[in-house]
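Scroll down for the structure; my scribbles are underneath it.
The values are calculated or read from the model by the stated rules, or taken from the named source; none is laboratory data. Fair warning: this is a prediction, and the values are worked out from it, not measured in the lab. Cβ atoms come from the backbone with ideal geometry, glycine included; neighbour counts cover every protein chain shown. The accessibility values were calculated without ligands, DNA or RNA, using every heavy atom of the protein model including side chains. Shrake-Rupley method; radii C 1.70, N 1.55, O 1.52, S 1.80 Å.
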Amino acid sequence: MDPATTAHTVRRRGRPTEAGRIERRGQILDAALPIFLGYGFGNATVDRIAVAARVTKRTIYSYFGNKDGLFTEMQRRLAANVSGESMVPETLESLATRIVYGLHSAQMIGLHRLVIAESLRFPELARNLHDNGDMQHIRRLADQLRAEHGPAVATRAESLYALLLGEDYRRRLLGLLGPVTAAEATIHAQSALALICLTNSADVEHPAITENDQ
């Protein structure tokens, strides 16, 4: 056997590299989301997720501990995709628009419906969604408000977040509206900022995101 082939075989059978572990972790999380959304938390078994992710149950347990741990990590990851990564340069409007675009997406609406439906049987799901999602977005808004307008204005973060959800969010939960578009997200964010007197005229001239940003 060619030495290079032998070395490659040994590496594949040995302990995965850090890059390999990160890739495998993402692979499991990607596979878990549609299983949870399709079956609900109670009926989404580790067996189903393992098959979808093309890994063993043992691998899932080694990465996440149990199904609860996997679901919690999936929530954290989705929340980070909504508001965790800053644009360069970041503005309050770009952050607000990104939050609207993420929270009003089909994935996040589906996740929130799931948690609402399962919250009586699994109350920790609602607490985790609130702590790892809502509170993270509010903290990011507070940080940006503080940076642009000073510490006194940072107290408006929770009110701003409520406006970024708005009536359209409830309609989407009820299936009365489809997922938000990039243009709609920008208009929604600008309207919310205007309501609490934080519109930046320079931002209004440049949409904060495009359809290709997510």
Worksheet item: With point charges of +1 on the Cβ of Lys and Arg and -1 on the Cβ of Asp and Glu, referenced to the Cα centre of region 70-164, which listed residue (ALA157, ILE109, SER119) lies farthest in the positive direction of the dipole?
Response: SER119
Fill in: Percentage, to the nearest whole number, of Cα pairs in region 48-163 over 19 Å apart
53 percent
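If you roll a 1.4 angstrom probe over the protein chains with everything in place, what fraction of the accessible area of region 67-198 belongs to carbon and sulfur, to the nearest %? Provide the component values of the computation, followed by the final result.
On the way: 3550 of 6160 Å².
After summing per-atom areas, the C and S share lands at 58 percent.
Report, to the nearest whole %, how much of the accessible area of region 19-58 belongs to carbon and sulfur atoms, 1.4 Å probe, protein only. Numbers along the way, then the final one.
Values: 1110 of 2300 Å².
In region 19-58, the share of accessible area belonging to carbon and sulfur is 48 percent.
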Discussion item. Counting heavy atoms of the protein chains only and a 1.4 Å probe, report the per residue accessible area for region 23-172 as a whole number of Å².
Written reply: 48 Å²
Discussion item. Given N residues in region 35-100, what is its alpha carbon radius of gyration divided by 2.2 N^0.38 Å?
Written reply: 1.46
